[in-house]
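The values are calculated or read from the model by the stated rules, or taken from the named source; none is laboratory data. Given the structure is predicted, the values throughout are model-derived calculations rather than measurements. Note: ideal-geometry Cβ built from the backbone for every residue, glycine included; neighbour counts use all protein chains shown. Areas reflect the complete protein model, heavy atoms only, side chains present, ligands, DNA and RNA absent. Shrake-Rupley method; radii C 1.70, N 1.55, O 1.52, S 1.80 Å.
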Amino acid sequence: AVLWDRGVVHDLGTLPGDISSDAYVINNQGVIAGDSSGPANYNAVVWDSSRRIHLLPDLPNWTASEATCVNDRGQIAGVGGPDANGDYAAVLWQKENAVPIYLAKLTGGGFGEPLSINNRGQIAGGVSPDPGPNWLPVLWEDGNLIELAVFGTDPYAIASQINNQGQIVGFSGQSLTDCPTAHSLLWENGTM
């Protein structure tokens, strides 16, 4: 993981004993969310504004976690698991040292991937009933999972960013790599 600051690249390092790290997003206070990993571990971390790395708490039996987004209030969302169903689910840390809580899932379970959290605590991302290619765009809000519409019959869609007004952007298509025929989408006020 690296940070570019005023044209200078800074190595953010890893947790002690780890061999690699990833930085996914930075908030306006300079807090960076990502992960640090070793030969047998994959852990969610944040780097504070002074570039010190902090391990985010896990839940019992987790084998992997990653922090994929952070807002200006210090709330962090990401993925952790496996949960009781064996899924790697969407989770929320209310602050860096808080125990994570699972976000709502599809009926019947499945996987979740938060990609953006705004300063109101609304989280945009995707869910899938299995680790396969079919993903649905979603909004997590006030403990609820809200499925967002997709274009036509597209089987794959992701809500990738949400702003502080609750507007969400993303795309839908035939697959994650369906760039030629993918549809850019905006969801606002419950409408695609």
Hits in region 120-134 - residues which are open to solvent by 50 Å² or more (accessible area, probe 1.4 Å) and farther than 21 Å from GLY86 by Cα: ARG120
Residue in region 172-181 that is under 20 Å from ILE123 (Cβ atoms) and crowded, with 18+ Cβ neighbours inside 10 Å present: yes
Answer from ALA149, ALA90 - the residue that is hydrophobic (A, V, I, L, M, F, W, C) and within 29 Å of ASN41 (Cα to Cα): ALA90
Checklist (1) within 27 Å of LEU55 (Cβ to Cβ); (2) touching a residue at least 12 places away in the same chain (Cβ under 8 Å) applied to PRO137, failing item: (1)
Which listed residue, of PRO57, PRO137, is within 23 Å of ASN27 (Cβ to Cβ), touching a strand residue (DSSP E or B) at 6+ places or on another chain (Cβ under 9 Å), open to solvent by less than 10 Å² (accessible area, probe 1.4 Å) and not aromatic (Phe, Trp, Tyr): PRO137
Region 74-96: number of residues that are surrounded by 15 or more Cβ atoms within 10 Å (Cβ to Cβ), within 25 Å of ASN164 (Cβ to Cβ) and not aromatic (Phe, Trp, Tyr): 10
Residue ID - nearest to VAL70 (Cα to Cα), chosen from residues in region 97-111 that are at pLDDT 95 or above and buried (at least 20 other Cβ atoms within 10 Å of the Cβ): PRO100
Pick from region 143-167, criterion open to solvent by less than 50 Å² (accessible area, probe 1.4 Å) and of a type in the set (Ser, Thr, Tyr), ranking: modelled with the highest pLDDT: SER160
Boolean, ASP18 is open to solvent by less than 40 Å² (accessible area, probe 1.4 Å), among the charged types (D, E, K, R), modelled with pLDDT of 95 or more and part of a loop (DSSP other than H, G, I, E, B): yes
Any hit, region 30-49, residues being charged (D, E, K, R), part of a loop (DSSP other than H, G, I, E, B) and modelled with pLDDT of 95 or more: yes
